[in-house]
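Everything on this sheet refers to the single structure shown next.
Where a number appears in this text, it was derived from the coordinates with a stated rule and is not lab data. Just so we're clear, the structure is a prediction, and the values are computed from it rather than from any experiment. Cβ placement follows ideal geometry from the backbone for every residue including glycine, while neighbour counts extend to all protein chains displayed.
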Amino acid sequence: MDPFYNEYTYVSISNDDCAITEYGLAELNENQVAASTNYSTDPPKSAIDRNPNTIWHSDWAGADPPNHPHLFTITFDTTQTITGFAYLTRQDDGWPNGNITGFSINIDDGAHGEGNFNDKLYDNGIIYEKTLNGYKYKFVVFNEQINVNSFQLETNSSLGGSGIWASIADLRLFTNTDGLQDPSNVLENKFVNLPNEKKTDRDSSNYIIAKVERANPTANDWVGLYNTSDVPGNVDSIAWGYVSSDGTATLDSNPNISGGEYVLILLQDNSYTELARIPVTIV
Ligand SMILES: [Ca+2]
């Protein structure tokens, strides 16, 4: 297959909920999918069965299970035009095993050469994460329609264990372009105006100031400062503040915060539903 899509790592989160039917999905059946490896009870077809609770998983049994790259291949009976895909990680009890963090895309179209991606979408490796039908999918959007006889996801890195596995709860290909290719059509929750290359500082009163843009703001959206590995809700934030109507959040004064690496997380409406996050260095 021709290499089409070089390795990327997911780095960005947005949260605009949308109906999955908007995207003109390519219908798939189990005879169209194959993988270079699978665990006995997690076959390739579980990645396209539209059930978020079943998964394809690379084989992990035995003394020497296979390492990356794992190949997950979709083959069409007739040439299809696709514009992107969405990937859902496994949903079972927070297990990260096999969640794909780096990958390449290979295609077979009989003719296509190098891919060309939208700089705005893919600058700095940004891939959108969006909520579809209540599940957070990772979106990869091409800036052109591509004709494919065969589409192959080649994994390069993953979470969990020794980092050699891959798993997919749901994989969906898109066949239309409406709303997908223009980044301005993606309502995004994000942090803005963090000065000095993601460093933030306390103001004269020792407050931490964050500025956000929100797709669907509520009066009780809030920003929390956490340690980088913290899970909001499992542990308290180090400091927090509500987002004002102008997008500014002033986090509690806490003179005891040590300088170092943290993460600012935008959370929705008095809940722990995460809308966006950004790593910060407190100086
Ligand atoms: Ca599934």
Using θ = phi - 60° and Karplus 6.51 cos²θ - 1.76 cosθ + 1.60, couplings along the stretch 65-78 (whole Hz; Gly, Pro as x):
x, x, 9, 4, x, 9, 10, 10, 10, 10, 10, 9, 5, 10
Taking other Cβ within 10 Å of each residue's Cβ, how do 72, 139 sort, fewest first?
139, 72
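Counting other beta carbons within 10 Å of each Cβ, put 212, 148, 235 in order, fewest first. List each step's numbers first, then the result.
Numbers: 212 22, 148 25, 235 11.
So the ranking, lowest neighbour count to highest, is 235, 212, 148.
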Using the Karplus curve 6.51 cos²θ - 1.76 cosθ + 1.60 with θ = phi - 60°, work out ³J(HN,Hα) for each residue of the stretch 233-242 in order, rounded to whole Hz, and write x for Gly and Pro.
x, 7, 9, 6, 5, 6, 7, 7, x, 6
So how do 68, 57 line up by other beta-carbon neighbours within 10 Å, fewest first?
68, 57
